[in-house]
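One structure below.
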């Protein structure tokens, strides 16, 4: 399988690292030969039909900051669309930064790949939250695979879990802690009795919260994931604007203490149900699967047959997110066989 | 797909109920036409090549206690082996009661089916805990499918989850609360400060613990599941005797209180790792995915790429367990296509 990666930040580099780690075992276990024929970042690309060396690619990026400096096969100044025009590949890994304004350039990259008969794997929430049905339709019309496990909760594999493992069940609704940063902040506030601002500062110093934390703390990131889950697991046809969103910046230590006295915790919960698309702070019971601390993500699927089934996993991380992308690649390969 | 169910207790009846509920949707979604050609209990069988009516079968069992009283197509006095000789079928659902002494008669039923080229789905822990490799080898040699999701934790779908959804990851070790009854007892003791004996009595009155609770409270049930997970997810070749087992009957309210003061709970944990096969009471942190209450089951897979991934679900229940069997059937069907 000839693979083209567009975007070579934390996730793209994780994918390259995972290819190195897993190349042999995947060949042995699944008969799948992964051939990385192109990798692109904002500087340009490295392109080699016989396959790039992932280690050399990572080293080049680390030292120079640019994949286009890759020895012999580096090309500066190409755009993502240029690369998709020039490279022969089977599967696009679209891992450019999430843009929740208009989903570009990821949306155009994915549509172009699909229209040219290529499979697509992505971790990119933006285009999925804005134009899910356009992308799903393009995949269907062109008879290609479109997989996006990594877009929701990194290494909390909820989408393939519902599609594959719970194939006999209907999903009635979904509740989840879909953002690790806010879970970290709320857990610390509950433990230390500290204020929101103080805890946010601390999380920023530790690199858990971003310098501009808006997307996380105002619930926008979780809302993107709500949209993706609604479309992919419950056949809804919704976009970002359909979600009611409330963040955690108004939560006080007093309200957390009050909840705790009654055996509850406050968590930022995303809900997908036929009547409601919502992200908001809610009470969850101590001793329930939602009472997890730290940066963990959780999602509970309410099903018709299996009752509630819950998955807990790391919501972020370079290698963790790349593992979800690798599972998608293997799943595409299995479908082709 | 022509299906033969052997065993028509709680799980077998759940399967029949699920067939009624899901027949149309499964045909529509997967093109799979489920045809229940035989169902057996200790009284004999109901056999009809054109398909039994699951509702009539359930009604017959409810009113008479015997599937052999099924109108027109009931046959009294047949053994499981007789039925497998007489019936034309594609897939055996083996759901007779678990026997952890010698695994019979389930072991013989499954081996016979496999040797005659039939796929097998089971919820039966006994033969899996005693002779896993014999059954796995027979499936491989006869090139048939062998699925047993329901044998570990009913509707906590951990096996297919690891095989399908986490296909890119290596499982390094597994930790789990694999028995719902003991989780219920320990959770109640922690909450109420009550003694083990008192809480066990209460659980028995509620039907959560059996009259003879040995298999649950002494860790035998969890140990069977440890064996199944070790063989199926970590390619070990082990049986029940390889597991060190300690139950919960010695746990005092004082030890639970002491743990709680330090932010810990006591849970009965099954561990599968290269160095250890063990069931024993252990401390788990409050706020961790293991801190769940009630009869829930939990399993955490420690993986090389995705870090820790946890699944939480109902460990028992007629329909819940049947849902795992249905997922196995759909998975077999997908492999055949």
Using alpha carbons only, how many angstrom separate the centre of region B:30-93 from the centre of region A:15-63? 54
With Cα coordinates, the longest principal axis of chain B makes an angle with the long axis of helix B:220-234, in degrees rounded to 10, of 80
Run the label-point distances for residue A:304 please: 7 Å along Cα to Cβ, every other copy, nanometres, shortest first. 4.0
Looking for one value pair here: nearest-to-axis residue in chain B (by Cβ) for the rotation onto A, and the distance in whole angstrom. B:164, 2
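Divide by every residue of the protein assembly as shown the summed helix terms, -39500 (n - 2.57) for each DSSP H run of at least 4, and state the resulting mean residue ellipticity at 222 nm, rounded to the nearest 500 deg cm²/dmol.
Details: 22 runs with 272 residues, N = 674.
Using -39500 (n - 2.57) per qualifying helix, the result is -12500 deg cm²/dmol.
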In a Gaussian network model of chain B with springs linking alpha carbons closer than 10 Å, the residue among B:146, B:161, B:19 that fluctuates most is B:161
Taking Cα pairs closer than 8 Å and at least 6 residues apart, the relative contact order of chain A in percent is 19
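Taking a ≥ b ≥ c as the square roots of the eigenvalues of the Cα gyration tensor of the protein assembly as shown, is the shape rounded (a/c under 1.5), prolate (a/b larger than b/c) or oblate? Display every interim value, and only then the final one.
Numbers: a/c = 1.87, a/b = 1.31, b/c = 1.42.
Cα axes put the protein assembly as shown in the oblate bin.
For region B:165-314, what does the relative contact order come out to in percent, with C-alpha contacts under 8 Å and a separation of six or more?
On the way: 279 pairs, mean separation 53.8, N = 150.
It comes to 36 percent, rounded to a whole number.
For A:107-117, what's the mean count of beta carbons from other chains sitting within 10 Å of each residue's beta carbon?
Other-chain Cβ atoms within 10 Å of each residue's Cβ, averaged: 0.
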If you look at just the Cα atoms of region B:165-314, how large are its Rg and its Dmax in Å? 15.3, 46
Under a plain spin-label model, where a point goes 7 Å from the Cα along Cα-to-Cβ, how far apart in nm are residue A:336 and residue B:35? 3.6
Could you state the angle between the C-alpha long axis of helix A:125-141 and the longest principal axis of the C-alpha atoms of chain A, as a value from 0 to 90 degrees rounded to the nearest 10? 50
Taking a point 7 Å out from Cα toward Cβ as the label site, list the nm distances between residue B:192 and the same residue in every other copy, smallest first. 3.9
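How long are the semi-axes of the ellipsoid equivalent to chain B, from square roots of 5 times the Cα gyration tensor eigenvalues, in whole Å, largest first?
On the way: eigenvalues 250, 103, 62 Å².
Result for chain B: semi-axes of 35, 23, 18 Å.
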For the pair residue B:249 and residue B:72, the simple spin-label estimate (label points 7 Å beyond Cα toward Cβ) gives in nm 5.3
Would you mind listing the distances between the residue A:335 label point and the same position in each other copy? Use 7 Å along Cα-to-C-beta, nm, one decimal, shortest first. 2.0
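Tell me, B:91, A:224 in order of fewest to most beta-carbon neighbours within 10 Å?
Values: B:91 22, A:224 29.
Ascending Cβ contact count within 10 Å gives the list B:91, A:224.
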If each of residue B:214 and residue A:192 carries a label point 7 Å out from its Cα toward its Cβ, how far apart are those two points in nm? 5.3
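Laboratory data are not the source of any read-out in this text; all were calculated from the coordinates shown. Since the model is a prediction, treat every value here as computed from it, not as a measurement. A quick note on method: Cβ atoms are made from the backbone with ideal geometry, for glycine too, and the neighbour counts reach across all protein chains shown.
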